[in-house]
Amino acid sequence: GLNFVVVSNEDNFEEQMRRMNIKYYIKGSPFKDDNLRKAHISKCRTVIATTSNDNDNFAIVVSARILLDRYKNTTGRIISIARNMENKEKLLKIGADHVVTPQVIAGQRLASFAIKPAKFHFMDDIIYSEETDIDMEELELKDGCPLIGKPLKDTNLKDLGLTAIAIKRDDEIITLLKGDMVLKKGDIIIIIGRRKNLKTYEKRYSNCF
């Protein structure tokens, strides 16, 4: 699994971390530069701002963006929660790469369950359930990935019973995939299949993940 560090100055924070068996945590303000440095922001993949106060999330996003730029960590992303819908665009403007609005997600899931319950249960099982053997994974074609320049049909996915269901290229999501589609650096392939086969594929192309 991925290593992560939790930073918080909430009451009883350390006790909560010990109870949840969280290995790495820092007791302190999550938008203080020193704490973000201690959390190894210089080489992190993602910073997640998920406090209950949007003002604190603003401060975390600004601090994280400044430090990521200072350390030239071009692969580090910032994801933030916006409790207030009006703050979503503001968070994006000040440096967040993606902003999640819990109210919107909850509304969409409720509507999906009401209108198309079978589809809802199917997607819920794939994305959230630990009981099903099916999962999805992202494969990002970075420098050194041997799949760059190859057509999709030559990625050996079918050898493991895996299926590419979409490719994110720049700002476009491509869902009608053809076998002769040539893969490019920066493409993100969304793959679905059995968990053990996804792990095997991940090991085979470890420099792509």
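Values quoted throughout were computed directly from the atomic coordinates according to the rules given, and no laboratory measurement underlies them. For clarity, every value in this text was computed on a predicted model and none was experimentally measured. Neighbour counts are summed over all protein chains in view; Cβ atoms, including those assigned to glycine, are modelled from backbone coordinates with ideal geometry.
Remarks
- Scanning the stretch 171-186 for any residue that is among the hydroxyl-bearing types (Ser, Thr, Tyr) and either surrounded by fewer than 13 Cβ atoms within 10 Å (Cβ to Cβ) or in contact (Cβ under 8 Å) with a residue 40 or more places away in the chain (or both) turns up at least one such residue.
- One residue alone among Lys116, Lys90, Lys72 is out of contact with any helix residue (DSSP H, G or I) (no Cβ under 8 Å at 6 or more places or on another chain) and under 30 Å from Ala39 (Cβ atoms), and that residue is Lys72.
- Condition check for Lys184: within 16 Å of Asp154 (Cβ to Cβ), basic (Lys, Arg) and outside any helix (DSSP H, G or I): yes
- Of all the numbered requirements in (1) over 25 Å from Gly76 (Cβ atoms); (2) not in a loop (DSSP other than H, G, I, E, B), Leu177 misses one, and that requirement is (2).
- Members of the stretch 26-46 that are aliphatic (A, V, I, L, M) and farther than 22 Å from Asp11 by Cα: Ile41
- For the stretch 24-61, residues that are over 25 Å from Glu86 (Cβ atoms) and without any contact (Cβ under 8 Å) to a residue 12 or more places away in the chain total 1.
- Candidates Lys199, Lys158, Lys203, Lys116 - the one that is without any contact (Cβ under 8 Å) to a residue 12 or more places away in the chain and closer than 30 Å to Met85 by Cβ: Lys116
- Selection within the stretch 133-166 - crowded, with 16+ Cβ neighbours inside 10 Å, within 19 Å of Thr75 (Cβ to Cβ) and within 16 Å of the chain's Cα centre (by Cα): Glu137, Leu139, Leu141
- Checking the stated criteria, Asp135 turns out not to satisfy the condition of being part of a loop (DSSP other than H, G, I, E, B) and either in contact with an Asp or Glu (Cβ under 8 Å, 6 or more places away or on another chain) or closer than 21 Å to Leu2 by Cβ (or both).
- Sole exception among (1) under 23 Å from Ile188 (Cβ atoms); (2) more than 20 Å from the chain's Cα centre (by Cα) for Lys38, by number: (1)
- Filter result for the condition that a residue is charged (D, E, K, R) and within 26 Å of Leu160 (Cβ to Cβ), over Glu140, Glu89: Glu140
- Members of the stretch 139-164 found to be within 10 Å of Ile191 (Cβ to Cβ) and out of contact with any Leu (no Cβ under 9 Å at 6 or more places or on another chain), listed by number: Leu157
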